[in-house]
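Before any comments, here is the structure.
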Amino acid sequence: MATTATSVADTCAAARKAARALASATTEAKNAALEATARLLGERGAEILEANAADLADERAVGLSEALRDRLALNVERIAGMADGVRAVAALDDPVGEELEHRELASGIDLRKVRVPLGVVAVVYEARPNVTIDCAALTIKSGNAIALRGSSYAERSNGALAAIVREALAEAGLPGDAVLLLAGGGREDLAELATQDGVVDLLIPRGGEGLKNALKDIATVPVMYAAAGNCHVYVHAEADPEMARRIAVNAKTQRPGVCNAAETLLVDAAIAERFLPAVAANLREAGVELVGDERARQFAGAAEIGVATDEDWDSEYLELKMAVAVVDSVADAVEHVNAHGTGHSEAIVTASEEAADEFVAGVDAAAVYVNASTRFTDGFEYGMGAEIGNSTQKLHARGPIGLRELTTFKYVARGDGQIRE
């Protein structure tokens, strides 16, 4: 374990102390810690892989689905990707101290609105060790301390990664307690973390609706949900069939166990008869189990599509399974998405600007794509270096949670003796 703290409260208190020091750290010192982290990831690759192999071999991980085991697994390429992500964060502008507004008041007071760190950020996440590094990099650069509560499935991997970041912080002259790892305890520990009023400034859960609902019942600290992704691809009547086929297959199969993978394919009735047989066959060839409504099954040709239940339209499968429905218009597609989606990422494939505009305006989601896969909703792809998660709510951040989403602001007023009459 990467911290000597013995309880949730102790860990959060240690993070609070470190946050005060990190808030005033120079950009140069923060970047030095990030560069050291990236270097150590490369130097300690064998160590990290050994810890990860032990996690994968643990009996707790044996029963995980293939998608979850894929999330848990590390390899040389993924470690290199983590290091690249850290360097990308280091290369970004430091948001701390950024001037948002500057004006002189009628009283003669000089008023500036500037970005400042939040303080202590806590993140609860599932069996994805790379999240440990992504979160640590973003909070270091934005001047925040972080308390990480990963899954018990990834305990060894997370410990090895958090230890590397703490070593890098010390090397740069910054407090190691700016990155602390909590044991993956049960509901009591989660409840304690979610009620650290005055200590934890923001809690970000990365997980499904079960985690989201559990925290809604107990949290007294501010929570920003990076929750489920029930994403859709809608193939409009004026879509290019080959483009639509590539996008639909990519959105589902490129990495099915992540929140921006598509779970439902909507096909316009006007194109269904000539489009569905080919895309359904391609999805089936890729190992995707398909379930659909009556018209989807009717138009699918030789491709096997099972009967969709009401639950299927609301499911985030996170595996090679997809629901398929036929709709009669853009308005019907928008209605379906807003009724069943989770506000994460939605896509339309169309050659019609009018249809694209109607879909973009009507869909209530953090990210809406026209002629592109939903798989692009990602902090790295958006030029943020990395992300802590994708917020599916509207305050105070929406979409990928990057550096600026981990800051707030303060007003700084300078006068020369003014008093209010």
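The values are calculated or read from the model by the stated rules, or taken from the named source; none is laboratory data. None of these values were measured; they are calculated from a predicted model. Note that we place each Cβ from the backbone using ideal geometry, even for glycine, and neighbour counts take in every protein chain shown. For accessibility, only protein heavy atoms count, side chains too; no ligands or nucleic acids. Shrake-Rupley method; radii C 1.70, N 1.55, O 1.52, S 1.80 Å.
Counting only residues at least eight positions apart within a chain, or on another chain, the lysines with an alpha carbon under 19 Å from that of Lys113 are Lys410. With both residues required to sit in region 98-162, DSSP beta bridges show an antiparallel share near 50%. Looking at the chain alone, DSSP beta bridges between its own residues are antiparallel in about 25 percent of cases.
Against the set (i) 25.2; (ii) 19.4; (iii) 23.5, the structure's computed mean projected area of the Cα convex hull in nm² falls on (iii). Once backbone amide H atoms are built at 1.01 Å from N, Ala239 has Ala351 as its partners under 5 Å, excluding neighbours fewer than 5 places away on the same chain. The mean accessible area for residues of region 370-421, using a 1.4 Å probe and ignoring ligands and nucleic acids, is 58 Å² per residue. Only protein atoms count toward the accessible area here, which uses a 1.4 Å probe; on region 65-174, the carbon and sulfur part of that area reaches 48 percent.
Shape of region 228-271 from its Cα gyration tensor (a ≥ b ≥ c, root eigenvalues): rounded if a/c is under 1.5, otherwise prolate when a/b > b/c, or oblate? Oblate is the answer for region 228-271, as a/c is 1.5 or above yet b/c matches or exceeds a/b.
Just to confirm my numbers, what's the Cα centroid distance between region 216-260 and region 139-186 in Å? Rounded to whole Å, the Cα centres lie 29 Å apart. Each of Gly108, Val291, Gly210 was placed along the dipole of the chain (beta-carbon charges, centred on the mean Cα), and the one lying farthest toward the positive end is Gly108. Classified by the C-alpha gyration tensor, region 279-384 has a prolate form. Its axis ratio a/c, with a ≥ b ≥ c, is 1.5 or above, and a/b is larger than b/c. Helix content alone sets the calculated 222 nm mean residue ellipticity of the chain: runs of n ≥ 4 DSSP H residues at -39500 (n - 2.57) each, divided across all residues, give -13000 deg cm²/dmol.
Would you mind getting the accessible area per residue of region 207-258, heavy atoms of the protein chains only, 1.4 Å probe, in Å²?
So region 207-258 comes to 37 Å² accessible per residue, rounded to a whole number.
The DSSP beta bridges internal to region 1-151 are antiparallel in roughly 50% of cases. A cut-off of 5 Å between modelled amide H atoms, ignoring neighbours fewer than 5 places along the same chain, links Thr342 with Asn230.
These residues, Tyr317, Tyr382, Tyr411, go from largest to smallest accessible area, 1.4 Å probe, as Tyr411, Tyr382, Tyr317. Here Arg206 sits with roughly 30 square angstrom of accessible surface, probe radius 1.4 Å. Prolate is the label for region 154-295. Its Cα gyration tensor axes, ordered a ≥ b ≥ c, give a/c of at least 1.5 and a/b above b/c. Phi angles across region 196-205 convert, under the Karplus curve 6.51 cos²θ - 1.76 cosθ + 1.60 with θ = phi - 60°, into 3J(HN,Hα) values of 7, 4, x, 10, 8, 8, 7, 10, 10, x Hz, Gly and Pro given as x.
Relative protection proxy for 35-43, 356-364, 115-123, from highest mean packing down: 115-123, 35-43, 356-364 (other beta-carbon atoms within 10 angstrom).
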